[in-house]
Structure formats: C-alpha cells, structure tokens
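Below: the structure, in structure tokens.
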Amino acid sequence: MALSKVSAVFQSDIRKVWDIVTTVENYTWRSDLGRTEILNEKQFVEYTKDGYTTTFTTTVFEPCMRWEFEMENSNMKGHWIGVFCERDGKTEVEFTEDVTVKKILMKPFAGVYLKKQQKRFISDLKKALLE
C-alpha cells in the first residue's frame, strides 16, 4: 500500500477551484489526460495521452467541501480524498491517495509515482486557475 498527501492554497474562489477539479468532462487543463468518458452519474474513466485507462467511482460528493472516489486500473486500485476549504478569500485543498499496487515489481515505486502525479495535478490546477 502507498499513501500520499498533498496540500495547496490558491488565491481563488472555492467554487472556481471545485468546478475545475470536479467537472470531469472538462479535462483539458490536465497535462496527463487525453480524454475522459462519463459512464453514469457516479462513474467515469480517464484516458492518459497514451490511452491507458483508470476507472473512478464516486463515493462522496459534498459540493465545495469533499470529493472521494475509488479508482482502479490494471496496475493499482485505491481511494482518493479531496478536501476543499475556504479561508480569508483563499481556497485550501488537501488531496490524499491511498493505493494498493497489483504488480509486485511496482511496489517500491508506488510512493514516488503518487507524489509525482500529485505534484503535476497541483501544477496543472494552478495554471488552470490563472486562465
């Protein structure tokens, strides 16, 4: 199991941050995605630019507060928690990923990979908020 947590503060309205992160069909701000597909109101699929798929199932959706989902692909399965909080006109986020790697050879690299992915997500989100 690998656990990774990242926090950030944005000089943006919480509604704007929430909408960017949770509007699955608007994926163009993400530098790692080629497309997304909505399966139903609780499930969606993300496709990397190389076509690799991950399926997500929403378990908690509390607007402008909390979004949680289960995620799974051929390499891993896990749980993601996004917590959103507004303070003094700024938006604070904390994203936590808890992943179990399916392939033994990938276990030593899981933590490093998660941190890299989270860093990219925060960087992409910062850029999207400036547009």
What number in nm² do you get for the stretch 75-128 if you take the convex hull of its Cα atoms and divide its surface by four? 4.3 nm²
Filter the cross-link list K49/K127; K5/K127; K42/K107; K16/K116 down to pairs whose alpha-carbon distance in this structure exceeds 27 Å. K42/K107
Show that you can apply the helix-only estimate: for the chain, add -39,500 (n - 2.57) for every DSSP H stretch of four or more residues, divide by all residues, and state [θ] at 222 nm to the nearest 500. -7500 deg cm²/dmol
Report the one residue of A2, I104, H79 whose Cα lies farthest in the direction of the positive end of the charge dipole of the stretch 1-113 (charges on C-beta: Lys and Arg +1, Asp and Glu -1; origin at the Cα centre). I104
Please work out the average accessible area per residue across the stretch 1-86, using the 1.4 Å probe convention, and give it in Å². 55 Å²
Using unit Cβ charges (K, R positive; D, E negative) and no other charged atoms, how large, in debye to the nearest 20, is the dipole of the chain about its Cα centre? 580 debye
Accessible surface of the chain [probe 1.4 Å, protein heavy atoms]: carbon and sulfur percent: 54 percent
Restricting the calculation to Cα positions, tell me the Rg (one decimal) and the Dmax (whole number) of the chain in Å. 14.4, 45
Measuring from a point 7 Å past the Cα of I81 along Cα-to-C-beta, which residues in the stretch 23-61 have an amide N at less than 20 Å? 56-61
Choose one of S31, Y52, G89: the residue whose Cα lies farthest towards the positive end of the charge dipole of the stretch 10-110 (beta-carbon charges +1 Lys, Arg; -1 Asp, Glu; about the Cα centre). Y52
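The values are calculated or read from the model by the stated rules, or taken from the named source; none is laboratory data. Predicted, not measured: the structure shown is a model, and the values here were computed from it. Cβ coordinates were reconstructed from backbone atoms using ideal geometry, including for glycine residues, and neighbour counts include every protein chain displayed. Accessible surface areas use protein heavy atoms only, side chains included; no ligands, DNA or RNA. Shrake-Rupley method; radii C 1.70, N 1.55, O 1.52, S 1.80 Å.
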